[in-house]
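Below: one structure, written as structure tokens.
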Amino acid sequence: MNATPTTADDLIVIGKIFSVHGVRGEVKVYSFTDPIDNLLGYKTWTLKREGSVDKQVELVSGRLQQSKFLVTKLKGLEDRDEALLLAGYEICVPRNLFPDLTDGEYYWYQLEGLKVIDQLGQLLGKIDHLLETGSNDVMVVRPCAGSLDDRERLLPYTEQCVLVVDLGAGEMKVDWDADF
């Protein structure tokens, strides 16, 4: 395990170590990628906890377990007790490793923090995070300075709701309806 050369601002969280598996130092991982096993395509991970970048590790192997999580083997990690110390660490990779998207497609990290403005020009808040649901993704919009009110809103990330995404301006225009 090495010190990391990547700055924290350049890192995107793609998973989290949550437990150990067996006695040979394997760890269980929640993957935030879609599909889940896309995380295994990134061979070098930067681990951080509570916003602090701690170390870099190398993925040796991994497999999907019960369609819910991954079991991974990290280079130099041979002991269950040592592996247990990694529980709670977020798995990050530099954003420049992500594949380019076509126009109109965005990674979640690009949407987080955008101001959300309704069709009347009212500021609803900022996107705090997104949730995956069965039918569509949902944006969690939390109030911020200058917001219309103090309400948290759950807005669908759909073509009907999202009118314009302007990353340069740091905002998204939505057709907001109280029925969402």
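With the cut-off at 32 Å, tell me which of the pairs 73/173; 43/115; 75/126; 73/115; 16/126 have Cα atoms farther apart than that.
Numbers: 73/173 44 Å; 43/115 34 Å; 75/126 40 Å; 73/115 40 Å; 16/126 25 Å.
Table pairs above 32 Å Cα-Cα are 73/173; 43/115; 75/126; 73/115.
Residue 129 sits among other residues whose Cβ lies under 12 Å from its own Cβ, and their net charge, with Lys and Arg +1 and Asp and Glu -1, is -3. Taking the Cα centre of the range 1-95 as origin and assigning +1 to Lys and Arg Cβ atoms and -1 to Asp and Glu Cβ atoms, the resulting dipole is close to 240 debye. With a Cα-only, solvent-free Debye model of the range 1-101, what are the log10 I(q)/I(0) values at q = 0.10, 0.11, 0.23 Å⁻¹? Listed by q, the Debye log ratios stand at -0.23, -0.28, -1.29. Got a number for carbon plus sulfur as a percent of the chain's accessible area, 1.4 Å probe? So the carbon and sulfur contribution to the accessible surface is 47 percent. Surface exposure of the chain, expressed per residue as accessible area with a 1.4 Å probe, stands at 58 Å².
Name the most mobile residue of 135, 31, 61, meaning the one with the largest mean-square fluctuation, in a Gaussian network model of the chain with Cα contacts below 10 Å. In this elastic network of the chain, the residue with the biggest mean-square fluctuation among 135, 31, 61 is 135. Derived from the Cα gyration tensor, the three semi-axes of the equivalent ellipsoid of the range 81-148 are 30, 18, 12 Å, largest first.
Across the alpha-carbon set of the chain, the Rg to Rh ratio works out to 1.04, Rh being the Kirkwood radius. Maximal additional length on extending the residue 63-residue 43 stretch stands at 5.9 nm, based on 0.36 nm per residue less the C-alpha distance. Computed about its Cα centre, the charge dipole of the range 131-180 is approximately 120 debye, with only Lys, Arg, Asp and Glu carrying charge at their Cβ.
The values are calculated or read from the model by the stated rules, or taken from the named source; none is laboratory data. Owing to the predicted nature of the structure, the values given are computational and were not obtained by experimental measurement. Please note: Cβ atoms are built from the backbone with ideal geometry, for glycine as well, and neighbour counts cover all protein chains shown. These area figures cover heavy atoms from the full protein model, side chains too; ligands, DNA and RNA do not enter into them. Shrake-Rupley method; radii C 1.70, N 1.55, O 1.52, S 1.80 Å.
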